[in-house]
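K.L.:
Before I ask anything, let me first share the structure, which is written out below as structure tokens.
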Amino acid sequence: MKARFSMSALLSVMAAAALAADAPRPIAIRGARIVTVSGPVIEKGTIVLSGGKIVAVGENAAIPGVAEVIDGTGKTVYPGLINGLTTLGLTEIGSVPGSVDTTETGDINPQARAWLAVQPHSDLIPIARANGVTVVLTAPQGGLVSGQSALLRLAGTTPEALTVKQPAAMHMVYPTGRPVFNLARLFEEPELKTFEDRVKDRRQNQEKELRRLGNLIEDARALGQRRGANLPSDVDLAEEALGAVARGELPVVMRADAEDDIRGAVRFAGEHGLKLIIAGGLEAWRCADLLKEKDVPVLLQVDRLPLRESDRYDASFTNPSALHRAGVRFAIVSDDAADTRNLPYEAAMARAYGLPADVALRAITLSPAEIFGVADRLGALAVGKDADVFVATGDIMDTRTQVTHVFVDGAPQSLETRHTRLYREFKDRP
Amino acid sequence: MNALFLALLALASETIAIRGGTILTVGPQGTIANGTVLIRDGRIAAVGTDVAVPAGARVIDATGRYVIPGIIDAHSHTAIEGGVNECTNVVTAEVRIADVLDQHDVNIYRQLAGGVTAANVLHGSCNPIGGQNAVIKMRWGKGPSDLVFAGAPPGVKFALGENPKRSNFRVPGVTRYPATRMGVEVVLRDSFRRAQDYKREWEEYDRKVKAAGPKGERPVAPRRDLELDELRDILDGKVYVHAHCYRADEILMLIHLADEFGFKIRTFQHVLEGYKVASEIAKHGAGASTFADFWGYKMEAFDAIPYNAAIMASHGVNVSLNSDDDERARRLYWEAAKAVKYGGVSETEALKMVTLNPAWQLGVDKRVGSIEVGKDADIAIFSAHPFDPATRVEMTLVDGIVYFDRARDDGKATRAAGGAR
Amino acid sequence: MRARPILALMMLAALVSPRGYAARGEVYALVGGRVFPVSGPPIDKGTVVIRDGLIEAVGANVTVPVGARVIDVKGLSVTPGLVDGFGGIGLPAPRPGGGGGAPPSPAANPLAPQALALDRVRLADALKARDSGITTALVIPRDGVLPGQSVLLNLGGEKLEGMVLRQPAALHLHMATLSRTYPGSLMGTVAYARQSLYDAARYRDEWKAYETAARGHKRPAYDPALQAWQEVLAGKELLIVTATRENDVRRALALADEFKVRLAVADAPQAARVAELIKTRKLPLLVSVNFDPPRAPTFGTPDDEKERQDIEEAERNPSELHKAGISFALVSAFAPDFLAGVRKAIERGLPADAALRAVTLAPAEVLGVADRLGSLEAGKIANVVVWSGEPLAKDTKAKMVFVDGALYEPDEKAKPSPSPGAPSPSPSPSPAAEDLR
């Protein structure tokens, strides 16, 4: 009790000091329903943001005199949503190559670092933010090893200002053995093969790629050891980048959807000592026990079609609740850029199909924070955490809800977007 | 053949009473709390709070549930086999989706599970003038010709903008006109000139035949051209035009062209910049079928805003929200809710955008789109309000037959129900 | 008197052709074998008499004619020569698939109903099939949508012309697509076929009008493709539609209804699904035993489970059709090993006797030559096979093959050579609409 009061008091003092130093004013949202995520819902309470942090949250939190007070009556306050897998900032218009930096040439790009190529002025960022998303994981795509991702806050004018944590993970694609899709290939003369041959080809390709990937990782591990022994070595950016992965210091997000591929990824990670996170995970429910046993978290997109024709129609919707029941850690992600704002509705679909509502919300707040090791700062409304907060007119998972305020690091964010501007410009055109 | 099928269907269907739910009729009766929908012979026989339930009727308890008209997806490529696009010639009005319906596409069932009862299955957007669409009902388990919504007016797909001009892909070894929006207009103009010539040619032939009389020498008829047949029928107002388009200027171009040749565009599809020219669309009398908030994937989709539906609707345009995607088609009820969020469309109007409005756009609003006496019993039953974040579709009926029942779906039902396996 | 030079010639011919014996005048009696006439029940210890290229007699108590060359076939079985009613016997092996880049220069126009398979048959290749007991083959042009017209060949003799049983045998339409030119989609193929038939009808009318009153009228243009359609349009030539999917059967029937053409359907791995329709319409069927034909890879996540099920369904298809009481032929449809495919169908439930009929009399019926081929009956062409054991069983080999009454003995050392493994024309993928919003 006393400790908390002292903490609050301390932070209030800090807040005042911060104010003096021309920092944003403290903000208090009063009389609102506060969904802390890390604790029970506060039906009617106050939250105070100051100096970029949450300094108070509770039924009777004290409001500093200098604070700007927002009346939260009838509203709900949430932690800023965290979208655990996107290409936000790396892509503007998918069909315009000049605006897309998601996928480097070649299969092996561990040295590609997403946060150095992010466009802070992307029109997509305010649009995501306006619906309550305040932090995203932005990751490169493609090939076998796509590159390194970072956690980004959706406010800032430079890539450095955006970056919350880099690197967050190394991104890889579990080889499926299938040819990579490419629109132009649809018009080529296809090579005709029997089913059995195609299955064999796929398997052979897959094995070849796995060997390749495995060798890369082991070479990187060996390089690291040589370095450790102070022996001269050639600088190889790719090997350096994989070194942290080989040592288990940097987690690997590996994309795998089919059950066999997920099991293969877990096996591969075990063989090479990797700290594994699965992205995609469409059939994760089929190997939930394995994922639980090996403590492999999953980044799930919910709005997908089931993999197999014979799957139950709602297999992708019930995927999260199946993992939840098995005790597997997971986050719900949009795996997109322009669609990031719809993150809460992916969570809603999981909830409609069996995931408890609080777990669904956690899957887009605290769970991704935990998976990427920033739960001490983000993902919940608790004293000491970063002041990433938004206010909504109701349940954020309800499509009809409006977001009225967004704060990133305690700074109020404009809800103006490209879309609201065009709306205003044309809504009354005769 | 279809008439026989429908007659047999009528004999086969049960009398059903859906009782005790909140009925969102989308019709003049509005919302009815604790109401009953009585279904007989595949049609809605009665709707209200004091509807008598005949003895022997199957009673579906809808207490605590929401009963809405079946959702209609005005832009779909579900259930097509052998290719969605005839992506070779520039004008392919002769090809017919109805020839290639795939009744085994499991997405029909998945969409039933999302409350969809009918869909406008379109040719793709590869050509300025594509092929003939097929309006279908999601009669999972029936043969391909039995999927067709009998009586739905025929239509042809047009496409403007980046796709027909191949901005974003190349076919190796193939150079195809048009490469610009200018060329798209040329193709359309040329096509309708040819259609006018064709029309004249046949009119002249008909005159000659008449003049020759029953015993006279019959001239050889002009070449029957399956492509020009459709274009002529568009000129004669017998065939709808569903035009995929994005940019405001190309929307205006098509309106002017249609006006010049004397035909109407029935719907603009996607029409993501429709909000910029909403009055013009309204004046022409076309409907607009758009995305709730899918945007940004192409240059021409970059000015798309989620307020598109609201702005067009406020200017008097009949607006529907569609999927163009098997995955999105399963959650059109939440897509509709986005019209409430973006632009403040009322919940009733928003629901109309996935029921009665697409029904009108497809020319079947006398038959479906609302829960009104005399209409087909195409109905979806939800566990909560369709816009509620916890809602789920529990049952879907088409022509008064239960094609989806969540309580009875065991995963294998999809196989058993689907097709003659 | 006259006989002697002829005899000398025959002996000379015998020296020159190590495997074949001159047919003319020869009389054979195959005695004491298990005889499967197909048109009737099997006969234990039966006799088959062949004279002058035709079957003279078949039965349990047939008198062996004087001067006949008697062949003791005790312990062996005797069947009609096998008929592959739809395949690529004698055609050059396929070029390997594209696999990217520019297409190989087209070997044949994919839209050429006037093309003749006969022009491309290689005699030596065709005769190899005989070693497995195949005596008659419908050779169809392989690639394209309208690949041309097939020829029905008897696999024996020195010259190709002498092998022809019917030319053209049928006109073919594959429910397939082209990768870069029209038709690139299945609906395009249907439209193309319909437009072709409308054009063919008009061509007929134009020429008829011109022939009736040429003077004063401009003559119509000659069009080889439209000319090729005429016999089909008149209902005189068979149109064989290759159906890969269930609905291809429906599409074929719709075409037949619209244009009143004589129809047979080939391949049809999912025919059992529309058994009732096939029965009602009495649709002649040439069912493929090529259960896992080479196909293009799909880009989407493959549903291996489904594809395996589809293959299994194809394997059970013949047995299901049989259960439904439908008569059908079994054909290679370019399978690398025709008989292995037939054995697979038997393994999956098709009774052996039905299988035998499906590769003898049934294809003859579909192709309209049942009055002269396909069973061991007096008066029919002497296409006869003597087998080392139960016909169609795994280790059974063809020991003697008679074609048009000429005896051929397959090389014991050589493996029975399979029919050329040409890929079936399978649908090429079209761009996904999802990418063309």
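Bear in mind that the values in this text are calculations on the coordinates, not laboratory data. Keep in mind it's a predicted model, so treat the numbers as computed, not measured. Neighbour counts are summed over all protein chains in view; Cβ atoms, including those assigned to glycine, are modelled from backbone coordinates with ideal geometry.
K.L.:
If R0 is 45 Å, what FRET efficiency do you get for C:Q167 and A:T105 from their C-beta distance, rounded to 0.05?
P.N.:
Working: r = 56 Å, r/R0 = 1.25.
According to the calculation, E is roughly 0.20.
K.L.:
Compute the distance from the alpha-carbon center of segment C:281-333 to that of segment A:326-388, in whole Å.
P.N.:
Between the Cα centre of segment C:281-333 and that of segment A:326-388, the gap is 47 Å.
K.L.:
Would you order C:E258, B:E86, B:E300 from fewest to most other beta-carbon atoms within 10 Å of each residue's own beta-carbon? Provide the component values of the computation, followed by the final result.
P.N.:
Working: C:E258 12, B:E86 29, B:E300 23.
Fewest-to-most ranking of C:E258, B:E86, B:E300: C:E258, B:E300, B:E86.
K.L.:
Write out the cysteines belonging to the protein assembly as shown for which the nearest other cysteine Cβ is not under 4.7 Å, or none if no such cysteine exists.
P.N.:
A:C287, B:C245
K.L.:
Highest first, please rank the peptides C:204-213, B:242-251 by the mean number of other Cβ atoms sitting within 10 Å of their residues. Please report the intermediate quantities before stating the final value.
P.N.:
On the way: C:204-213: 13.6, B:242-251: 23.8.
Peptide ranking by packing, descending: B:242-251, C:204-213.
K.L.:
Within 10 Å of each Cβ in peptide B:92-105, how many partner chain Cβ atoms are there on average? Round it to a whole number, please.
P.N.:
Working: counts 7, 1, 7, 12, 5, 1, 2, 13, 11, 3, 4, 2, 6, 1.
Taking all residues of B:92-105 together, the mean is 5.
K.L.:
Based on DSSP, what percent of beta bridges with both residues in chain A are antiparallel, to the nearest 5? Present the calculation step by step, with values, prior to reporting the outcome.
P.N.:
Values: 33 of 62 bridges.
Roughly 55 percent of the beta bridges in chain A run antiparallel, per DSSP.
K.L.:
Treating the angle as unsigned and between 0 and 90°, give the value, to the nearest 10°, between the Cα long axis of helix B:332-341 and the longest Cα principal axis of chain B.
P.N.:
Helix B:332-341 and the main axis of chain B meet at about 90 degrees.
K.L.:
Still on this structure, I have one more. With label points built 7 Å along Cα→Cβ from the Cα atoms of B:D50 and C:R204, find their separation and express it in nm.
P.N.:
Each label point is offset 7 Å from its Cα along the Cβ direction, giving 6.8 nm.
K.L.:
Let me confirm one metric for peptide B:292-301, namely the mean number of other chain beta-carbon atoms within 10 Å of its residues' beta-carbons.
P.N.:
Numbers: counts 2, 7, 4, 7, 13, 10, 5, 5, 3, 5.
Averaged over the peptide's residues, the number is 6.
K.L.:
Something else about it: At a 10 angstrom cut-off on C-beta neighbours, averaged per residue, how do the peptides B:278-285, B:252-259, A:197-204, C:137-144 rank from highest to lowest?
P.N.:
Working: B:278-285: 18.8, B:252-259: 17.2, A:197-204: 15.4, C:137-144: 26.2.
Going by the mean number of other Cβ atoms within 10 Å, highest first, we get C:137-144, B:278-285, B:252-259, A:197-204.
K.L.:
Just for the protein assembly as shown, what percent of DSSP beta bridges are antiparallel, to the closest 5? All intermediate terms of the calculation are to be shown ahead of the outcome.
P.N.:
Values: 101 of 185 bridges.
Here the antiparallel bridges make up roughly 55 percent for the protein assembly as shown.
K.L.:
Now a separate question. For a footprinting-style exposure proxy, rank B:Y240, A:Y423, B:Y177 by other Cβ within 10 Å, fewest first.
P.N.:
Working: B:Y240 27, A:Y423 19, B:Y177 13.
Starting with the residue having the fewest Cβ neighbours, the order is B:Y177, A:Y423, B:Y240.
K.L.:
Moving to a separate point now. Sort segment A:273-393 into rounded, prolate or oblate with this rule: let a ≥ b ≥ c be the square roots of the eigenvalues of the Cα gyration tensor; rounded if a/c is under 1.5, and if a/c is not under 1.5, prolate when a/b is larger than b/c, oblate otherwise.
P.N.:
Details: a/c = 1.92, a/b = 1.33, b/c = 1.45.
Oblate is the answer for segment A:273-393, as a/c is 1.5 or above yet b/c matches or exceeds a/b.
K.L.:
Roughly what angle does helix B:181-212 make with the longest principal axis of chain B, taking Cα atoms, 0 to 90 degrees, to the nearest 10?
P.N.:
Roughly 80 degrees, rounded to the nearest 10.
K.L.:
Would you please state the base-10 log of I(q)/I(0) at q = 0.05 1/Å for the protein assembly as shown, with intensities from the Debye formula using one equal scatterer on every alpha carbon?
P.N.:
Each listed q corresponds, in turn, to -0.45.
K.L.:
To continue, here is another question. Build a GNM of chain A with springs between Cα atoms under 10 Å: which of A:A169, A:A265, A:A62 gets the top mean-square fluctuation?
P.N.:
Residue with maximal mean-square fluctuation among A:A169, A:A265, A:A62: A:A62.
K.L.:
For the protein assembly as shown, what is the mean residue ellipticity at 222 nm derived from helices alone (per DSSP H run of n ≥ 4: -39500 (n - 2.57); sum divided by total residues; nearest 500 deg cm²/dmol)? Let's see the in-between values first.
P.N.:
Numbers: 36 runs with 379 residues, N = 1288.
It comes out at -9000 deg cm²/dmol, rounded to the nearest 500.
K.L.:
Right, another one. May I ask for the longest run of chain A untouched by GluC sites (Glu not before Pro) that are loop-located per DSSP and have at most 14 neighbouring C-beta atoms (other than their own) within 10 Å? Spell out each step's value before the answer.
P.N.:
On the way: sites that count: A:E59, A:E249, A:E416.
Result for the longest clean stretch: A:60-248.
K.L.:
What is the gain in length, in nm to one decimal, between C:D353 and C:V64 on full extension, counting 0.36 nm per residue of separation less the C-alpha to C-alpha distance? Don't skip to the answer; put the middle values down first.
P.N.:
Values: separation 289, 0.36 × 289 = 104.04 nm, distance 2.76 nm.
Gain on extension, C:D353 to C:V64, equals 101.3 nm.
K.L.:
Continuing with the same structure: Using alpha carbons only, how many degrees (0 to 90, rounded to 10) separate the axis of helix B:2-12 from the longest principal axis of chain B?
P.N.:
0
K.L.:
Grab the beta carbon distance between C:D44 and C:K394, set R0 = 25 Å, and tell me the FRET efficiency rounded to 0.05. Could you put the intermediate results ahead of the total?
P.N.:
Details: r = 22 Å, r/R0 = 0.89.
Between C:D44 and C:K394 the formula returns 0.65.
K.L.:
Sorted by mean Cβ packing within 10 Å, highest first, what order do the peptides A:392-405, C:225-238 take?
P.N.:
Values: A:392-405: 20.2, C:225-238: 18.6.
For the peptides A:392-405, C:225-238, the packing ranking is A:392-405, C:225-238.
K.L.:
So, counting K/R as plus one and D/E as minus one, what does the shell of residues with Cβ under 12 Å around A:T163 add up to?
P.N.:
Values: positive: A:R113, A:R153, A:K165; negative: A:E160.
Computed value for this residue: +2.
K.L.:
Once Lys and Arg get +1 and Asp and Glu get -1 on their Cβ, which of C:N290, B:G141, B:V319 lies farthest toward the positive end of the dipole of the protein assembly as shown?
P.N.:
Towards the positive end, the residue furthest out is C:N290.
K.L.:
From the cross-link list B:K283/B:K338; B:K165/B:K352; C:K208/C:K260, which pairs have alpha carbons spaced over 22 Å apart? Each step should come with its number before you reach the end.
P.N.:
Working: B:K283/B:K338 26 Å; B:K165/B:K352 34 Å; C:K208/C:K260 19 Å.
In this structure, B:K283/B:K338; B:K165/B:K352 lie more than 22 Å apart at Cα.
K.L.:
When Cβ neighbours within 10 Å are restricted to other protein chains, what is their mean count per residue of peptide A:409-422?
P.N.:
Working: counts 0, 0, 0, 0, 0, 0, 0, 0, 2, 6, 9, 4, 1, 9.
That average works out to 2.
K.L.:
Would you list B:M138, B:M395 from fewest to most Cβ contacts within 10 Å? Write down the numbers at each step before the final one.
P.N.:
Values: B:M138 29, B:M395 24.
Ascending number of Cβ neighbours within 10 Å: B:M395, B:M138.
K.L.:
Going through the cross-link list B:K157/B:K341; C:K282/C:K323; C:K128/C:K380; A:K200/B:K412, which pairs have a Cα-Cα distance over 19 Å in this structure?
P.N.:
Working: B:K157/B:K341 31 Å; C:K282/C:K323 16 Å; C:K128/C:K380 23 Å; A:K200/B:K412 29 Å.
Checking Cα-Cα distances, B:K157/B:K341; C:K128/C:K380; A:K200/B:K412 exceed 19 Å.
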